[in-house]
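Taking it in order: structure first as structure tokens, then the write-up.
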Amino acid sequence: MHRYWLRSGLFIAASLLLFSCVSSKKISQVSAGISSLKFLDAYNIPFNYKYRNTTVGGLSGIDYDAKNDCYYMVSDDRSDKNPARFYKAKIFISAKGIDSFAFTDIENMLQADGKVYPGSAQDRFKTPDPEAIRYNPEKNYLAWSSEGERIVKANDTVLTDPAVIMIRPNGKYIDSFALPEMMKMHATEKGPRRNGVFEGMSFADNYKTLYVNVEEPLYEDGPRADVVDNDAFIRIIKFDVSAKKGVAQYAYKLEPVAFAAKPENEFKINGVPDILSLGNNKLLVIERSFSTGRLPCTIRVFIADLNGATDISELTLKGNHAFIPAKKTRLLNMDDLGIYTDNIEGVTFGPVLPNGHKTLVFIADNNFTIAEKAQVLLFEVIE
């Protein structure tokens with residue numbers, strides 16, 4: 001079996017035993033009190049790279065299995081280029097940074113009937129939009145999220161609810177989490193916005209809890225983020241893993257869009273593409289801001305503290321001031337690093353460095369375009 005090792009655009013084919021991600025038992029989750037992050041290295045996966053007859057791109061979620069030194073990376077390809085899938089990879093990290101990168105396997109996420117998901121040309125109502133992926137080593141399964149679809153036109157309406165789905169490491173369907181009523185798609189301006197739903201998630205409490213966030217505010221929660229502060233709130237949903245249902249929701253306030261669009265009326269966004277549990281009801285939160293006319297994204301990283309936040313499960317937030325949102329503390333603005341940052345969409349704890357410090361690994365979605373980079377960014381955690 002051939003495995004391809006990548007570094008700085010160099011490809012080396014080596015005949016090696018196939019690396020596999022195997023289950024592990026009784027693993028405590030990584031927790032961290034983070035005071036700062038130190039940038040160590042960046043690696044770019046080549047554009048249009050082919051692995052096992054698939055096009056690698058759209059990598060929008062990442063998770064790390066420490067016991068088996070395996071990374072799971074989900075593609076947000078809506079089964080258009082290739083059927084919905086996730087990759088397994090190894091990233092060799094030293095005190096100097098990223099030494100090499102290798103894809104080691106690929107699996108399709110399968111529907112309950114065992115079939116691959118169709119693309120939009122086959123069945124738009126069943127086409128997924130994969131965004132996040134997390135591995136549960138206690139039970140040896142993966143959870144992944146789909147944003148669903150919302151197209152509302154006079155003669156063309158597609159409403160597909162978002163989902164959180166459990167699969168085996170070989171991609172076979174297990175079950176799905178119950179969807180809170182307000183997360184269902186509607187033809188009216190109610191519920192989630194298109195392409196702004198289940199973007200990030202993280203296991204917590206030693207895999208007893210799964211936090212899932214919407215990327216942008218629900219219609220009834222107020223406006224999307226703008227270049228001025230306009231009280232744009234997203235929701236972070238707390239799911240009970242054993243019951244597979246939501247037990248609480250919390251409000252998180254978005255920062256304004258970092259830069260005005262050029263021209264001014266063109267597309268701009270600031271939302272949350274991923275979250276990562278730090279323990280003690282705290283989450284690492286990525287906010288990604290993009291504005292037309294400026295190619296890099298502004299990536300701001302925060303710590304959100306859910307302790308003391310109001311459970312907003314039964315509330316709508318637009319015009320409502322009778323709730324307490326999560327407290328947030330800014331950890332990093334990647335604009336300050338002097339490096340190019342693209343469409344960062346995923347984050348995970350990585351391996352421990354030789355000095356004993358934890359690492360964070362971020363991944364960027366290149367949207368399958370040559371103008372964007374499929375980046376892997378490595379940071380050292382300073383506690």
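Key figures
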{"item": "Test result for LYS67, in contact with a Ser or Thr (Cβ under 8 Å, 6 or more places away or on another chain), more than 20 Å from VAL381 (Cβ to Cβ) and surrounded by fewer than 22 Cβ atoms within 10 Å (Cβ to Cβ)", "result": "no"}
{"item": "Criterion violated by LEU159 - all others in (1) in contact with a Lys or Arg (Cβ under 8 Å, 6 or more places away or on another chain); (2) in contact (Cβ under 8 Å) with a residue 40 or more places away in the chain satisfied", "result": "(2)"}
{"item": "Counted residues, segment 225-241 - those being over 15 Å from ASN320 (Cβ atoms) and surrounded by 22 or more Cβ atoms within 10 Å (Cβ to Cβ)", "result": "4"}
{"item": "Residue that is under 14 Å from PHE103 (Cα atoms) and either crowded, with 18+ Cβ neighbours inside 10 Å or at pLDDT below 95 (or both), where the choices are TYR72, TYR49", "result": "TYR72"}
{"item": "Count - residues of segment 195-222 that are over 27 Å from GLY319 (Cα atoms) and β-branched (Val, Ile, Thr)", "result": "1"}
{"item": "Residues located in segment 82-116, provided they are out of contact with any Asp or Glu (no Cβ under 8 Å at 6 or more places or on another chain), of a type in the set (D, E, K, R) and under 17 Å from SER146 (Cα atoms)", "result": "GLU107, LYS115"}
{"item": "Scan of segment 115-130 for residues that are exposed (fewer than 14 other Cβ atoms within 10 Å of the Cβ) and hydrophobic (A, V, I, L, M, F, W, C), ordered by number", "result": "ALA121, PHE125"}
{"item": "Within segment 242-255, considering residues that are among the small types (Gly, Ala, Ser) and closer than 19 Å to GLU314 by Cα, the one surrounded by the fewest Cβ atoms within 10 Å (Cβ to Cβ)", "result": "ALA248"}
{"item": "Condition check for VAL381: in contact with a Ser or Thr (Cβ under 8 Å, 6 or more places away or on another chain), aliphatic (A, V, I, L, M) and either touching a residue at least 12 places away in the same chain (Cβ under 8 Å) or more than 19 Å from ASP99 (Cα to Cα) (or both)", "result": "yes"}
{"item": "Residue pairs meeting the criteria (Cβ under 9 Å; at least 6 apart or on separate chains; first free of Cβ contacts under 8 Å to residues at least 40 places away in the same chain, in segment 302-315; second in a loop (DSSP other than H, G, I, E, B) and not small (Gly, Ala, Ser))", "result": "PHE302/GLU255; ASP305/ASN280; ASP305/ASN281; ASN307/ASN280; ASN307/ASN281; GLY308/ILE324; LEU315/PHE323"}
{"item": "Boolean, LEU254 is closer than 23 Å to GLY61 by Cβ and more than 16 Å from the chain's Cα centre (by Cα)", "result": "yes"}
{"item": "Residue check, LEU353 closer than 26 Å to ILE98 by Cα and part of a strand (DSSP E or B)", "result": "no"}
{"item": "Selection from segment 117-140 of residues that are part of a loop (DSSP other than H, G, I, E, B) and touching a residue at least 60 places away in the same chain (Cβ under 8 Å)", "result": "ASP129, PRO137, GLU138, LYS139, ASN140"}
{"item": "Selection from segment 212-224 of residues that are touching a Ser or Thr at 6+ places or on another chain (Cβ under 8 Å) and surrounded by fewer than 20 Cβ atoms within 10 Å (Cβ to Cβ)", "result": "GLU220"}
{"item": "The one condition in (1) of a type in the set (Gly, Ala, Ser); (2) surrounded by 15 or more Cβ atoms within 10 Å (Cβ to Cβ); (3) touching a Lys or Arg at 6+ places or on another chain (Cβ under 7 Å); (4) modelled with pLDDT under 75 that ALA14 fails to fulfil", "result": "(2)"}
{"item": "Residue selected from segment 86-112 under the condition without any contact (Cβ under 8 Å) to a residue 40 or more places away in the chain and of a type outside the set (Gly, Ala, Ser), by the criterion surrounded by the fewest Cβ atoms within 10 Å (Cβ to Cβ)", "result": "PHE92"}
{"item": "Residues being surrounded by 14 or more Cβ atoms within 10 Å (Cβ to Cβ), over 29 Å from SER75 (Cα atoms) and of a type in the set (A, V, I, L, M) - total across segment 306-357", "result": "6"}
{"item": "Segment 256-294, subset basic (Lys, Arg) and crowded, with 17+ Cβ neighbours inside 10 Å, residue nearest to ARG193 (Cα to Cα)", "result": "LYS268"}
{"item": "Lone qualifier among TYR51, TYR71 - being touching a residue at least 24 places away in the same chain (Cβ under 8 Å) and either within 29 Å of LYS38 (Cα to Cα) or hydrophobic (A, V, I, L, M, F, W, C) (or both)", "result": "TYR71"}
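The values are calculated or read from the model by the stated rules, or taken from the named source; none is laboratory data. What you see is a predicted model, and the numbers here were worked out from it, not measured in a lab. Virtual Cβ from ideal backbone geometry, glycine too; neighbours counted across all protein chains shown.
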